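Input: a single structure, listed below in structure tokens.
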Amino acid sequence: MDEMKAAVLEEFGKPLSLHKIPAPVLGTGEVLVDVVAAPVLPYAAEVFRGERNYLLTLPVVPGAGAIGRVRATGPDATRLAPGDWVLCDPAIRSRDDALTPDITLQGLSGRGDGGLFLQRHYGHGAYAEQLLLPTENAVPLGPFEPAEAARWAALTVCMVPYGGLLAAGLRAGETVLVSGATGHFGSAGVAVALAMGAACVVAPGRDEAALADLESRFGPRVRTVHLADDDSLRRAAPGPIDVVLDLLPPSAGPA
């Protein structure tokens, strides 16, 4: 049996350990990817310690999302080929209910019993030499230099606010307020909202250095506000706020 190296979470609260485990076996409707770069979430330690109570079947190879090169494809893939660079989307969806599929975030968390069921096959994440994905989760990126793989891994962060803004129906020319704009996903939300055509992004936060960095990167379309009351946020906007994207962490209280 082929083996690969992987970082394994055996118990919540224990450090990851490096092991050789069986390599994934390719099936129809799947792609096998050689992992080149994988992001580390800023709250990963909270997950590994069990503090977030995520539904995660142990032992598991953690790691949500990756950049890699296709090793092999199933017989129903007609365009992907070995060696292609791909983004590995960690959101695995069941295929027998297109409207309300069960979902698991590969290597991170499941949602309900259906998500746990998906983990039986797609549970292992990206902190390994190889990653098994449904074919639709391997998104082709085109050619680039291998040294750039880690930078491309930032796309997995941008996917989170993109999903929220897409669901909110953001249209070009509208004003967006990103709650938690100085955080990991929040700052990505500022960039994604601008890329989707927002005329103005109001960016509140406590970290003055991070706010200044957003201003210097994106210019006058971003209006930063040191965290204050709602009136200061409204005054920062050029007109009505069309979309609010809340990307605060669970540690933030309701107030």
Globularity ratio of the chain, using Cα Rg and 2.2 N^0.38 Å
1.10
To the nearest 10 square angstrom, what accessible area does residue 12 show with a 1.4 Å probe?
80
Can you work out ³J(HN,Hα) from phi for every residue in segment 41-53, in order, using Karplus 6.51 cos²θ - 1.76 cosθ + 1.60 and θ = phi - 60°, giving whole Hz and x for Gly and Pro?
5, x, 9, 4, 4, 5, 5, 5, 7, x, 6, 8, 6
Using alpha carbon centroids, what distance separates segment 164-226 and segment 37-83, in Å?
27
Using only the Cα atoms of segment 1-71, what do you get for the radius of gyration and for Dmax, in Å?
13.4, 37
Net charge near residue 48: determine it from the other residues with C-beta under 15 Å of the C-beta of residue 48, scoring Lys and Arg +1 and Asp and Glu -1.
-1
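For residue 138, what is the net charge nearby, where nearby means another residue's Cβ is under 11 Å from its Cβ and Lys, Arg count +1, Asp, Glu -1?
Numbers: positive: 69, 71, 79; negative: 30, 84, 89, 136.
Local net charge: -1.
Working out 0.36 nm times the residue gap between residue 171 and residue 241, then minus their Cα-Cα distance, what length gain in nm do you get to one decimal? Kindly include the intermediate steps, with their values, before the conclusion.
Working: separation 70, 0.36 × 70 = 25.20 nm, distance 1.23 nm.
Length gained, residue 171 through residue 241: 24.0 nm.
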Tabulate in residue order the Karplus-calculated ³J(HN,Hα) for segment 96-112, using 6.51 cos²θ - 1.76 cosθ + 1.60 with θ = phi - 60°, rounded to whole Hz; enter x for Gly and Pro.
9, 8, 5, 7, 10, x, 5, 9, 10, 8, 4, x, 9, 6, x, 10, x
Share of alpha-carbon pairs per 10 Å distance bin for segment 3-143, given as whole %:
13, 43, 34, 9, 0
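What is the Cα radius of gyration of segment 100-188 over 2.2 N^0.38 Å, N being its residue count? Working shown, then result.
Details: Rg = 16.0 Å, N = 89, 2.2 N^0.38 = 12.1 Å.
Relative to the rule-of-thumb radius for its length, segment 100-188 sits at 1.32.
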re segment 129-252: pairs of Cα atoms spaced beyond 26 Å account for a percent value of 26
When the accessible area of the chain is computed with all protein chains present and a 1.4 Å probe, what percentage of it is carbon and sulfur?
55
Along segment 28-36, what does the Karplus equation 6.51 cos²θ - 1.76 cosθ + 1.60 (θ = phi - 60°) give for ³J(HN,Hα), rounded to whole Hz, x for Gly and Pro?
4, x, 10, 10, 9, 10, 7, 6, 10
With every protein chain kept in place and a 1.4 Å probe, the chain has an accessible area per residue in Å² of 54
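The values are calculated or read from the model by the stated rules, or taken from the named source; none is laboratory data. Keep in mind that what you see is a predicted model, and the values were worked out from it rather than measured. Glycine also receives a Cβ, built like all others from the backbone with ideal geometry; neighbour counts cover every protein chain displayed. Each accessible area value is taken on the protein alone, full model and side chains, heavy atoms only, with ligands, DNA and RNA left out. Shrake-Rupley method; radii C 1.70, N 1.55, O 1.52, S 1.80 Å.
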